[in-house]
Structure formats: C-alpha cells, structure tokens
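Shown next, in structure tokens, is the structure this report addresses.
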Amino acid sequence: MSNLIIFATSSSGLGALGVSGSAFIIQLITFILGYIVLRKYAFGPIIKALNERRKLIDEGVKLGDQMRQKNAEFEDQVKRDLFKARAKADQIIRDAETNSKELVLKAENEAQVKANSIIEEATRRTDQDMKRAKRQLEGEIISLITEVSEALAQDKIDSKKDLEFINRSLREQERV
C-alpha cells in the first residue's frame, strides 16, 4: 500500500497528470462491477433483441426473395396466358374471316339464284307480252284484210268465207 500512496503522491508519473491511483482503482472496480451487472441484466436482453431482430430481418430477406421468385413465376404465367389469349384471339379472327367469306359466298350465290329467277320471270313475261301483242296484231291484220277484201269485193262475204280467205292469206304469208 505504501507503493500506492507513493504512486498517488508523487509528482512524477501519473500523479503529474493529476491521476490518483486509488481513484483509478476505484473506477476500475466500478467499471468491472458495472460490466458484470450490465452483462447479467442488460446485455442478455439486448443481445436477445438483436438476435431476434437479425432473425426477423433474415426472414424478411427470405420473404423478399420468395416474393421476387413468386413475382417472376407470376410474370411468366401472365406471359404464357397472354400468348395463349393472343393465339385464341387470332384463331377467333381467322374463324370469323372464314365464316364471313362463307356468308358472303352464300349471299352471292343466293343473289345469283334470285337474279336468275328475276331474269327468267322477266323473260317469261316478255314472251307472254310478245304473244299477246302478236295476237292483237294478227287480229288487226285480219280486220284490215277484211276491210280490204270488202272494199275489193264491194260485197260482204259471210264470216265463214271471210275466215277461210284470211287463213289462206296468212298461210301464203308464212311461206314467204
């Protein structure tokens, strides 16, 4: 102890710096006791909290990695689904084009049939109109021939002879 006192009272060494040896030892003991108390009561819970936090962070990182992986898988699935949807849409468009071409062709065929029917009907009516006009013309020709015959004969022939004369005249005209 006398060394300690000498150490503290000497004006050289640590004493010259204003450090007391007994104060130093008391501070060292206080530090060691504080360290032991902190280690027993504070460091354990702090280290436990830090470990839990590290564990939570590690789980978050793992969860983030899983989320990135799931996101990549989801994006791949979306791409595949979009590709399938585009392919299906293209097929629907092709089918619609085919159906529309078939409908146009069918409509054209139906229109052609209807046009042919209209032409046939018009031809039939024209033929009927021509026959009717021919009969009317024949009747007028017969009347004219009768009038000419009467004028020439100055005398009206009975209708039987008149008809025979007309038929004979028509036959002669047909030969020519």
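So the values come out like this:
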| item | result |
| --- | --- |
| Options Ile32, Ile26, Ile46; residue that is modelled with pLDDT under 90, surrounded by 10 or more Cβ atoms within 10 Å (Cβ to Cβ) and assigned to a helix (DSSP H, G or I) | Ile46 |
| Residue within segment 153-167 that is surrounded by 10 or more Cβ atoms within 10 Å (Cβ to Cβ), outside any helix (DSSP H, G or I), more than 60 Å from the chain's Cα centre (by Cα) and without any contact (Cβ under 8 Å) to a residue 12 or more places away in the chain present | yes |
| Boolean, Thr146 is hydroxyl-bearing (Ser, Thr, Tyr) and modelled with pLDDT of 90 or more | no |
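The values are calculated or read from the model by the stated rules, or taken from the named source; none is laboratory data. If you're wondering where the values come from, they're calculated on a predicted model, not measured in any experiment. Cβ coordinates were reconstructed from backbone atoms using ideal geometry, including for glycine residues, and neighbour counts include every protein chain displayed.
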